[in-house]
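Peer 1: Have a look at this one before I ask anything.
The values are calculated or read from the model by the stated rules, or taken from the named source; none is laboratory data. For clarity, every value in this text was computed on a predicted model and none was experimentally measured. So basically every Cβ, Gly included, is an ideal-geometry build from the backbone, and we count neighbours across all protein chains shown.
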Amino acid sequence: MAGRINDEDVRAVRDAVPIDSVVSEYLQLRPAGGGNLKGLCPFHDEKSPSFQVSPSKGLYHCFGCQEGGDTLSFVMKIEHLSFSEAVERLAAQAGITLRYERGGYSPGRQQGERTRLLEAHKAAAGFYAEQLHTEEAATGRRFLAERGFDAAAAERFGVGYAPAGWDHLVRFLRGRGFTDRELLQSGIAQDGRRGPIDRFRGRLIWPIRDITGEVVGFGARRLREDDTGPKYLNTPETPIYRKSQVLYGIDLAKRDIANANQAVVVEGYTDVMACHLAGVTTAIATCGTAFGEEHVKILRRLLMDSSTSHSAGEVVFTFDGDAAGQKAALRAFEDDQKFAARTFIAISPGGMDPCELRLDQGDEAVRKLIESRTPLFEFAIRSVVSRHNLDTAEGRSSALEFAAPIVAQIKDGAIRHEYAVRLAGLLGIQDERFVVRRIGQIARWGRERRSGGAAPGAPAPAERRERAAGGQVAPAAPQAPPPRRGGPPLNLRSPAYLEERELLKLALQFPQLVAPAFDAYGEDEFTAPPYAVVRQAVREAGGVSSADEEFLDRVREAAPDDTVRTLITELAVEPLNMPRRRRAETDVYAGKRLVQVRLAAVDRRIGDLESAARRAEAQAGNAEAAAVRQELWTLEQYRTALRERGVAAL
């Protein structure tokens, strides 16, 4: 059983690795005001950035999906690690040696599964890279040289060679302390008749790294004639490798993608190498699978690809000019609407891929290929239209029916209209308005289908298909009544709770500005039950008067459950609701919030006492009512003082 990591070492790891540097490995962050940073949430799909990071607090929070926590919880969540694995990973990054209680420090025994698999891949990548210099690897070096890659290029991308024997790598890794189970689980080895054998043999090897630069898999290219396997063989799905979530070259390209606001998607490892060496350092490729939804999410986060972004990014797809390449481009077009970024396609006139183009015409030709990109919509429309005989009315009509749905998918109404007019010209249809109306109708049907509704008189999708086929429409099945809704949810950001929310944010973010007055406030002064629980957690953490560097950690630990802990993180990260130009007056703002929350509590108490006084006068006579009226008078004097003197009256 793994030993427990020393608490001091855990704190040292948290302090040593800034949360913004960790998060920025996965998504682009931009200033959000108040010292915070914002980006597109990596934990759910969103159109505008609601994910915020507070470097000063070491916390993150998404105001969309409510995920939040510190640096360790972020790494645990995004990499699917245990607590100890996350600590070990960040400790290695910071150069901190961890101490383990109960049993001492034994890396081979103590480290988590993911950490061990990553170390096995790192050792394997080093082994393969060394093997590229052997006599046996001459074929691999010749393969690279024929494609314009020298030794420096191979070293830059970590290209290696897998020896042709059955278990060269297995024996090497066993000598490094890795077990057969770990080798099989990593995908580096596979079962043989007498135990594990090397998965890759006699092949050129490319290490596949995740966005943080960790080797998580390999791609292997066939070199020998007697190799009956596929041309390219990749690592199988493992606990650390999911081909639908990996992009080759993303570790090298991520910063330039964010800075240039552009990503170039190519088809293979050598194409990525060629692009980067030619100066197109935003190039990435999928690994043995089509470009899909998970890949879209990765790029959207790096591009800050939001519907509210002021500068739209670009995604440029490069494919071979042959039929297969065009088919791949049309598949990519299906993902276009998942981007807010503009999407393009770049196909060289001779149908060469970037690697071939660089070899044949040089680096400048690769750069010009990307510069001469064509909007993906235009390419898709022309590809569909080219399949029909436009010399006949039947052919033009058929081309319109196939191309119109593509144009109708364009979200921007102005661009959709422009492409509708352009389609009419491509088809040679003189009545542009007819084409525009037809596309508008299809676009409207699409919106209705997505929203689950239909315009008055508009046929349902199934009905439209039946009518087009000349068939009859079956009666619709009766629909179940909509579920009954409960009462309105508690909206903690509503104006009714604004002052309480702001005061709690101040207590968590700037405790010194509300101390010691805040510590005298009771839970009953916070009318939203969740806020009252947060107030209690602050009390249990020692109050704002005892706030130090670990104050926020103590408050989060005092939370009774994860829901309250998430709310505390949210309040600690959310910017104050005050204009940026007045941030220098935060102390004044804090005083006003203290007064407003107390005034609201006093007003509520005065209302209660007035009601009690009237009841006492009606039921028990003036004697009991007099005591209530005295307390009421005292509170009214206090309210007047608060209004006139402000925070000085607290």
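Peer 1: With respect to the numbered conditions (1) modelled with pLDDT under 90; (2) surrounded by 12 or more Cβ atoms within 10 Å (Cβ to Cβ); (3) not assigned by TED's automatic domain parsing to the domain that holds residue 422, which one is the sole condition not fulfilled by residue 446?
Peer 2: (3)
Peer 1: Quick check: is even one residue across the stretch 385-397 in the same structural domain as residue 433 (by TED's automatic domain parsing), under 26 Å from residue 418 (Cβ atoms), in contact (Cβ under 8 Å) with a residue 12 or more places away in the chain and within 34 Å of the chain's Cα centre (by Cα)?
Peer 2: Within the stretch 385-397, none of the residues are in the same structural domain as residue 433 (by TED's automatic domain parsing), under 26 Å from residue 418 (Cβ atoms), in contact (Cβ under 8 Å) with a residue 12 or more places away in the chain and within 34 Å of the chain's Cα centre (by Cα).
Peer 1: OK, next. Inside the stretch 158-180, can you point out the residues that are in contact with a Phe, Trp or Tyr (Cβ under 7 Å, 6 or more places away or on another chain) and part of a helix (DSSP H, G or I)? Please lay out each step first, then the result.
Peer 2: Within the stretch 158-180, the subset in contact with a Phe, Trp or Tyr (Cβ under 7 Å, 6 or more places away or on another chain) is 159-162, 169, 172.
Once the filter is applied, which keeps residues that are in contact with a Phe, Trp or Tyr (Cβ under 7 Å, 6 or more places away or on another chain) and part of a helix (DSSP H, G or I), the stretch 158-180 yields 169, 172.
Peer 1: Let me confirm something: among 160, 148, 175, which residue is at pLDDT 95 or above, surrounded by fewer than 21 Cβ atoms within 10 Å (Cβ to Cβ) and touching a helix residue (DSSP H, G or I) at 6+ places or on another chain (Cβ under 6 Å)? Lay out the reasoning, then the answer.
Peer 2: Values: 160 fails: surrounded by fewer than 21 Cβ atoms within 10 Å (Cβ to Cβ); 175 fails: touching a helix residue (DSSP H, G or I) at 6+ places or on another chain (Cβ under 6 Å).
Answer to the selection: 148.
Peer 1: Here is a follow-up. Only one of these is under 13 Å from the mean Cα position of the chain (by Cα) and either within 17 Å of residue 68 (Cα to Cα) or outside any strand (DSSP E or B) (or both): 25, 8. Name it.
Peer 2: After ruling out the rest, the residue left standing is 25.
Peer 1: If you check 213, 229, which single one turns out to be surrounded by fewer than 16 Cβ atoms within 10 Å (Cβ to Cβ) and within 18 Å of the chain's Cα centre (by Cα)?
Peer 2: Being surrounded by fewer than 16 Cβ atoms within 10 Å (Cβ to Cβ) and within 18 Å of the chain's Cα centre (by Cα) holds for just one of 213, 229, which is 213.
Peer 1: OK, next. Given the conditions (1) farther than 20 Å from residue 342 by Cα; (2) in a helix (DSSP H, G or I); (3) in contact with a helix residue (DSSP H, G or I) (Cβ under 6 Å, 6 or more places away or on another chain), report the number of the one that residue 441 does not fulfil.
Peer 2: Failing condition for residue 441: (3).
Peer 1: Test residue 595 against the criterion of being touching a strand residue (DSSP E or B) at 6+ places or on another chain (Cβ under 8 Å) and surrounded by 16 or more Cβ atoms within 10 Å (Cβ to Cβ), and give yes or no.
Peer 2: It is false that residue 595 is touching a strand residue (DSSP E or B) at 6+ places or on another chain (Cβ under 8 Å) and surrounded by 16 or more Cβ atoms within 10 Å (Cβ to Cβ).
Peer 1: If residue 84 passes every condition in (1) surrounded by 14 or more Cβ atoms within 10 Å (Cβ to Cβ); (2) of a type in the set (Gly, Ala, Ser); (3) at pLDDT 95 or above but one, which one does it miss?
Peer 2: (3)
Peer 1: Let me ask something else about it. Mind checking which residues of the stretch 269-282 are touching an Asp or Glu at 6+ places or on another chain (Cβ under 7 Å) and not in a helix (DSSP H, G or I)?
Peer 2: Listed by number, the residues that qualify are 278, 279, 281, 282.
Peer 1: Additional query: If you go through the stretch 566-584 one residue at a time, how many are in contact (Cβ under 8 Å) with a residue 40 or more places away in the chain, among the charged types (D, E, K, R) and part of a helix (DSSP H, G or I)?
Peer 2: Residues that pass the stated criteria total 3.
Peer 1: Check residue 498 against each of (1) assigned to a helix (DSSP H, G or I); (2) within 25 Å of residue 14 (Cβ to Cβ) and name the one condition it does not meet.
Peer 2: (2)
Okay, residues lined up against (1) at pLDDT 95 or above; (2) more than 20 Å from residue 364 (Cβ to Cβ); (3) of a type in the set (Ser, Thr, Tyr); (4) surrounded by 20 or more Cβ atoms within 10 Å (Cβ to Cβ):
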| residue | (1), (2), (3), (4) |
| --- | --- |
| 250 | no, yes, no, yes |
| 279 | yes, no, no, no |
| 283 | yes, no, no, yes |
| 295 | no, yes, no, yes |
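Peer 1: Let me ask something additional. Taking residue 527 as the residue in question, decide whether it is over 17 Å from residue 56 (Cβ atoms), in contact with a strand residue (DSSP E or B) (Cβ under 9 Å, 6 or more places away or on another chain) and surrounded by fewer than 20 Cβ atoms within 10 Å (Cβ to Cβ).
Peer 2: no
Peer 1: Output the helices (runs of 4 or more DSSP H) that fall wholly within the stretch 337-436 and possess 1 or more residues being buried (at least 19 other Cβ atoms within 10 Å of the Cβ) and at positive phi, or say none.
Peer 2: none
Peer 1: If you scan the stretch 49-74, which residues turn out to be farther than 22 Å from residue 563 by Cβ and either surrounded by 21 or more Cβ atoms within 10 Å (Cβ to Cβ) or of a type in the set (Asp, Glu) (or both)?
Peer 2: 49 - this is the single residue of the stretch 49-74 that is farther than 22 Å from residue 563 by Cβ and either surrounded by 21 or more Cβ atoms within 10 Å (Cβ to Cβ) or of a type in the set (Asp, Glu) (or both).
Peer 1: Restricting to the stretch 28-45, give me the number of residues that are of a type in the set (Gly, Ala, Ser) and either in a strand (DSSP E or B) or at pLDDT 90 or above (or both).
Peer 2: Summing the residues that are of a type in the set (Gly, Ala, Ser) and either in a strand (DSSP E or B) or at pLDDT 90 or above (or both) in the stretch 28-45 gives 3.
Peer 1: Determine whether the stretch 39-48 contains at least one residue that is outside the structural domain of residue 259 (by TED's automatic domain parsing), crowded, with 19+ Cβ neighbours inside 10 Å and among the hydroxyl-bearing types (Ser, Thr, Tyr).
Peer 2: Checking the stretch 39-48: not a single residue is outside the structural domain of residue 259 (by TED's automatic domain parsing), crowded, with 19+ Cβ neighbours inside 10 Å and among the hydroxyl-bearing types (Ser, Thr, Tyr).
Peer 1: I've got another one for you. If you go through the stretch 239-255, how many residues are farther than 19 Å from residue 291 by Cβ and out of contact with any helix residue (DSSP H, G or I) (no Cβ under 6 Å at 6 or more places or on another chain)?
Peer 2: 2
Peer 1: Still on this structure: Which one is modelled with the highest pLDDT among residues in the stretch 100-121 that are surrounded by 13 or more Cβ atoms within 10 Å (Cβ to Cβ) and outside any helix (DSSP H, G or I)?
Peer 2: Among those residues, the one meeting the criterion is 100.
Peer 1: Would you be able to say whether some residue in the stretch 181-197 is in a strand (DSSP E or B), outside the structural domain of residue 278 (by TED's automatic domain parsing), more than 35 Å from the chain's Cα centre (by Cα) and buried (at least 21 other Cβ atoms within 10 Å of the Cβ)?
Peer 2: Yes.
Peer 1: Starting from the stretch 140-153, take each residue that is assigned by TED's automatic domain parsing to the domain that holds residue 359 and list its partners that are modelled with pLDDT under 95, counting only C-beta distances under 9 angstrom and pairs at least six apart or across chains.
Peer 2: Close Cβ pairs satisfying both conditions: none exist.
Peer 1: Taking residue 533, is it of a type in the set (Val, Ile, Thr) and in contact with an Asp or Glu (Cβ under 9 Å, 6 or more places away or on another chain)?
Peer 2: So residue 533 fits the description; yes.
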